[in-house]
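Chemist: Shown below is the structure under consideration.
The values are calculated or read from the model by the stated rules, or taken from the named source; none is laboratory data. This is a predicted model, so every value here is computed, not measured. In this analysis, Cβ positions are derived from the backbone assuming ideal geometry, glycine residues included, and neighbour counts consider all displayed protein chains. Quick note on the areas: whole protein, heavy atoms, side chains included, nothing else; ligands and nucleic acids left out. Shrake-Rupley method; radii C 1.70, N 1.55, O 1.52, S 1.80 Å.
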Amino acid sequence: MTDSQTSDSETADLETFRVETRAWLEANCPPEMRKPATSDADVFWGGRNAKFSSEPQRIWFERMRDKGWTVPDWPKQYGGGGLSAAEHKVLRAEMAKMGARPPLSSFGIWMLGPALLKYGNDAQKKEHLPKIAAGLIRWCQGYSEPNAGSDLASLQTRAESDGDDFVITGSKIWTSYANYADWIFCLVRTDPVAKKHDGISFILFDMTSKGVSTKPILLISGYSPFCETFFDGVRVPKSHVVGTVNRGWDVAKYLLQHERAMISGMGERGVGRPLGQIAADSVGSDTLGRLDDAMLRGQIASFDVDEAALAACAERAVDLAKAGQAHPAFSSAMKYYGTELNKRRYEILMSAGGVDALEWESERSRQGARPRAWLRTKANSIEGGTSEVMLGIVAKRILDLPGA
Amino acid sequence: MALVLTEEQSMLRDSARGLISDKAPVSHLRHLRDSKDPTGFSKELWQSFAEMGFAGLLVPEEFGGSGLGFMEAGVLMEEIGRTLMPSPFLATSVVAASALNRGGNAAQKSEYLPKLASGSLLATLAIDEGAKHRPLQTSLQAVRAGNGFKLSGAKALVVDGHVADLFIVAARTSGSAGEREGLTLFLANPKAKGVSVERTIMVDAHNAARIELANVEVTADSVLGEVDQGAALLDGVLDIGRGAVAAEMVGLSDEVFGRTVEYLKNRKQFGKLIGEFQALQHRAAELYVDIEITRAATMKALQALDTDVAKAASAVAVAKARAGTTATRAVQEGVQMHGGMGMTDQFDIGFFMKRARVCEELFGDANYHTQQLALARGY
Ligand SMILES: Cc1cc2nc3c(=O)[nH]c(=O)nc-3n(C[C@H](O)[C@H](O)[C@H](O)COP(=O)(O)OP(=O)(O)OC[C@H]3O[C@@H](n4cnc5c(N)ncnc54)[C@H](O)[C@@H]3O)c2cc1C
């Protein structure tokens, strides 16, 4: 059949791509970049004020950037690698196999980029995408407001028309890294009398614009990764609206799908040492070589089952998308499961670590890396839409339940 | 390989679904149960299965089969799970066919495989002796006698045991219960002297039997694979069975879930559709996520079986463990959300609950497979 012939030659091409990719990664990924980052400072976020935490981090980033592999599946004209979905999957698999870190972490890559690719005009794509790919501009997300969290569409930040500009007034909350970001992608109300979803616009502006200020919020993890963000008469050209004025909700939702898909990936990072072995370090093993805590061993084993199953499902989600059979709301299902699973992972890590995992400030504990990470994961089922809201979306959009 | 069905596999699914939903809806199982049917399945339907190439799905073409893979077998098992159709497919076409195909010598293959493919011979695997699935605990004895062996011992939960024309019996030629070394698989004739078969009427109204062998004589030709080295062959064959049962559980979970969601959209209480209650919506949504994840894990396992049975063990353990927990949850939520209705025999939901319980025990429950995964990972 012609069908299987094409797929045969595709398979052969992919195999070549796999071999070449593996060789390139082997030759170019510094050994230091083949283990997970130990803290946020160890993650490269790019931006105007970006600093590399180490030489290997710089080398790895620059080599990947030059290949377009900070954004492997974006078109080459915007600084991407132009890879097909199948090639991208191969690249990710090969990187995972050697434990290679992402060279650049960025809201621009995970969230804004895909939205611009779909809804941006030519000028916006040319202006912003290459800078995201090259890590030149760091973005933050201005969605949530004090009275608009789960009910995001009730947001109140106003953008009033004034000639060629909008004048923006209001405040945002939970804006991650707003104090480090160069630009913001922001939801504003451009029509105060229209129905809730119909008067919102999606707009981009520079965080150094007059009238923008931020105030960090301290979290239970002891860090302040996000801020209250205030806009006091910020002037933004109307050309900075992405998509149509008052139709920003479409862009917002599309972006959220990507955000959720990204967050769900946390639950399936089966890289590094298996939990069972990490636990054995502190708990010890019995004479048969089994973890010397039967209940914990059971918890870890059923976690492993679920993690492997989720990884299969993530793989299938990509394949379904490629085959044009994906449900647009499926990212909510994955987001829900991936984040709940990641919380479970860290509960197990804490329980496996015992007293050692309770140290908060010491060299030995890498300044409490584990307990801080554990506390951080509690946000996974809140950020990007809460678990309750995800289940609501599944009930409504996938299961089509009444009144959901 | 992508984790989506190919066009050919979708066509296979559609034709299987057409036949099964038409000829063997749940009422078919109900009828067999209520009439205490002595065969426990429809021979006529089995013949249609054979004519469509399903009976010999895994049998190589040179022996008259369709030479398809485990993904395809899974597609069929999933459809079987949707209507709970009782059929010799699992025991004969999946497990026994794989055992003969993988372990059989040329003479055994050419004698049995064509008959399996044509649907004229039913075969089954007899392993477990105790209440739980513990293949290494086999203690049924095979003692050398002249040129052959004499088998003595008993087996429980032999699927289709009372209708099978051929048993594949796990026996101990050396060592003792619990050891890996010393297991041997034998082909045995259910009609042979010393064999007694008791049909066990099971909760799910599917076919199963207890068998007892008392000094049953078999020739040296009836050894499947190598003497004393049966464990590896058995592992591979069991993994195939496990992957298939996981697929059946995905089918039954999906079906019972679909019926439950329909009910949520139609049943009114307190002046509202019960599907409007968020407490139920969220449980339904969670179950949906569970089923999708289990489906992917099961496809992954079937695919691993197709590419390398020996390396598929972990993927199979994940699938069978997940399928067990998910199916249990799906049928429990199914009954609960149907309220009193779900508790009646007149309503079909209970059939799914019963079959899920049997599938959970068959070839190892979720605990068993979770444990296997932990051992494989070295903790
Ligand atoms: C670490 C972190 C980073 C974040 N980063 C950003 C960012 O960069 N930019 C940004 O804009 N926002 C960000 N957020 C905000 C995040 O999107 C919101 O916190 C989230 O949408 C929940 O809103 P809320 O906090 O107002 O909670 P609320 O909406 O007040 O929810 C409170 C509780 O009520 C439940 N609830 C609400 N509505 C329903 C319903 N319909 N059905 C069932 N239960 C319901 C919720 O599930 C939750 O349990 C971040 C949050 C965190 C924790």
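Chemist: With a length cut of 27 Å (Cα positions projected on each helix's long axis) and a Kyte-Doolittle mean of at least 0.5, go through chain B and give me the DSSP H helices that pass.
Modeler: none
Chemist: Lys/Arg Cβ at +1, Asp/Glu Cβ at -1, dipole of region B:184-264 taken about the Cα centre: which of B:PHE257, B:LEU185, B:ALA209 is farthest positive-ward?
Modeler: Highest projection toward the positive end goes to B:ALA209.
Chemist: With respect to the cross-link table entries B:LYS23/B:LYS311; A:LYS89/A:LYS215; A:LYS67/A:LYS172; A:LYS89/A:LYS343, which display a Cα-Cα separation exceeding 32 Å?
Modeler: Values: B:LYS23/B:LYS311 37 Å; A:LYS89/A:LYS215 39 Å; A:LYS67/A:LYS172 37 Å; A:LYS89/A:LYS343 26 Å.
The answer is B:LYS23/B:LYS311; A:LYS89/A:LYS215; A:LYS67/A:LYS172.
Chemist: Now for a different question. Please quote Rg/Rh for region B:89-236 to two decimal places, taking the Kirkwood radius as Rh and restricting both calculations to Cα atoms.
Modeler: On the Cα set of region B:89-236, Rg over Rh gives 0.93.
Chemist: Within region A:25-40, which residues have the backbone N less than 19 Å from the label spot 7 Å out from A:GLN367 along Cα→beta-carbon, could you tell me?
Modeler: Answer for region A:25-40: A:36-40.
Chemist: Helix-only mean residue ellipticity at 222 nm, chain A, DSSP H runs n ≥ 4 weighted -39,500 (n - 2.57), per residue, nearest 500. What is it?
Modeler: My calculation for chain A gives -13500 deg cm²/dmol from helical runs alone.
Chemist: Once each part is reduced to its C-alpha centroid, what is the distance from region B:1-70 to region A:69-85 in angstrom?
Modeler: That distance is 45 Å.
Chemist: Give the peptides A:144-157, B:83-96 in descending order of average Cβ contacts within 10 Å, highest first.
Modeler: Numbers: A:144-157: 16.6, B:83-96: 26.2.
Order by mean packing, descending: B:83-96, A:144-157.
Chemist: Could you provide, to the nearest whole Å², the per residue accessible area of chain B with probe 1.4 Å?
Modeler: Per-residue accessible area for chain B comes out at 39 Å².
Chemist: Working from the pairwise distances between different alpha carbons, so that the mean of 1/r is found and then inverted, what is the protein assembly as shown's Kirkwood radius in Å? Please report the intermediate quantities before stating the final value.
Modeler: Numbers: mean 1/r = 0.0344 Å⁻¹.
Result for the protein assembly as shown, one decimal place: 29.1 Å.
Chemist: Also: What figure, in Å² to the nearest 10, do you get for the accessible area of A:TYR346 with a 1.4 Å probe and non-protein molecules left out?
Modeler: Result for A:TYR346: roughly 40 Å² accessible.
Chemist: For B:ALA126, list long-range residues whose amide hydrogen, built 1.01 Å from N in the peptide plane, is under 5 Å from its own amide hydrogen.
Modeler: When sequence neighbours closer than 5 places are left aside, the close amide H contacts are B:ILE168, B:VAL169, B:ALA170.
Chemist: Additional query: Before I look further, what does region A:1-94 give for accessible area per residue, probe 1.4 Å, in whole square angstrom?
Modeler: 57 Å²
Chemist: Moving on to the next point. Leaving ligands and nucleic acids out of the surface, order B:GLU78, A:GLU20 by accessible area at 1.4 Å, largest first.
Modeler: Listed by decreasing accessible area, they come as A:GLU20, B:GLU78.
Chemist: Sticking with this one: Would you list the P(r) distribution for chain B, with all Cα-Cα distances sorted into 10 Å bins from 0 and each bin expressed as a whole %?
Modeler: All Cα pairs, binned at 10 Å, distribute as 5, 24, 34, 24, 9, 3, 1, 0 percent.
Chemist: Follow-up. What aspartates and glutamates sit close enough to B:LYS155 to cross-link, taking a C-alpha to C-alpha distance under 14 Å and skipping anything fewer than 8 places away on the same chain?
Modeler: Result set, ordered by chain and number: B:ASP128, B:GLU129, B:GLU198, B:GLU212.
Chemist: To the nearest 10 Å², what's A:ASP232's accessible area with a 1.4 Å probe?
Modeler: Here the accessible area works out near 120 Å².
Chemist: With a 1.4 Å probe, what is the total accessible area buried between chains B and A, in Å² rounded to the nearest 100?
Modeler: Chain pair B/A: roughly 3400 Å² of buried accessible area.
Chemist: Just the projected area, averaged over all directions, of the convex hull on the alpha carbon atoms of region A:282-404: how many nm²?
Modeler: 10.3 nm²
Chemist: From the square roots a ≥ b ≥ c of the eigenvalues of the alpha-carbon gyration tensor of region A:180-276, which class results: rounded (a/c under 1.5), prolate (a/b over b/c), or oblate?
Modeler: Details: a/c = 2.59, a/b = 1.54, b/c = 1.69.
Oblate.
Chemist: Please give the contour-minus-distance gain from B:ALA310 to B:GLN336: 0.36 nm per residue of separation, less the Cα-Cα distance, rounded to one decimal in nm.
Modeler: 5.3 nm
Chemist: Longer than 20 Å from Cα to Cα, which of A:LYS125/A:LYS196; B:LYS272/B:LYS354; A:LYS125/A:LYS238 are they? Say none if no pair is.
Modeler: Violating the 20 Å Cα-Cα cut-off are A:LYS125/A:LYS196; B:LYS272/B:LYS354.
Chemist: Relative to the longest principal Cα axis of chain A, at what angle does helix A:330-353 sit, 0 to 90 degrees, rounded to 10?
Modeler: Value to nearest ten degrees: 50.
Chemist: How crowded by other chains is B:275-282, given as the mean number of beta carbons from other chains within 10 Å of each beta carbon?
Modeler: 6
Chemist: As I understand it, the value is the acute angle between the Cα axis of helix A:248-264 and the longest principal axis of the Cα atoms of chain A; what does it come to in degrees, rounded to 10?
Modeler: With rounding to tens, the tilt is 10 degrees.
Chemist: What does the convex hull of the alpha-carbon atoms of region A:4-136 project to on average, in nm²?
Modeler: 8.8 nm²
Chemist: Also, quick follow-up: Based on the inverse mean of 1/r over its pairs of different Cα atoms, what is the Kirkwood hydrodynamic radius of region B:1-58, in Å?
Modeler: Numbers: mean 1/r = 0.0767 Å⁻¹.
Evaluated over region B:1-58, this radius sits at 13.0 Å.
Chemist: As a test of reading the structure, rank B:ILE20, A:ILE217 by solvent-accessible area (1.4 Å probe, protein chains only), most first.
Modeler: On the way: B:ILE20 5, A:ILE217 35 Å².
Largest to smallest exposure gives the sequence A:ILE217, B:ILE20.
Chemist: Could you tell me what % of all Cα pairs in chain A have separations over 34 Å?
Modeler: The answer is 34 percent, as a whole percent.
Chemist: Counting only protein heavy atoms, what percent of the accessible surface of the protein assembly as shown is carbon or sulfur at a 1.4 Å probe? List each step's numbers first, then the result.
Modeler: Details: 17410 of 33710 Å².
The value for the protein assembly as shown is 52 percent carbon and sulfur by accessible area.
Chemist: Let me ask another. With angles folded into 0 to 90 degrees, how steeply does helix A:294-322 sit against the dominant principal axis of chain A? Use alpha carbons for both and round to 10.
Modeler: The angle comes out near 50 degrees.
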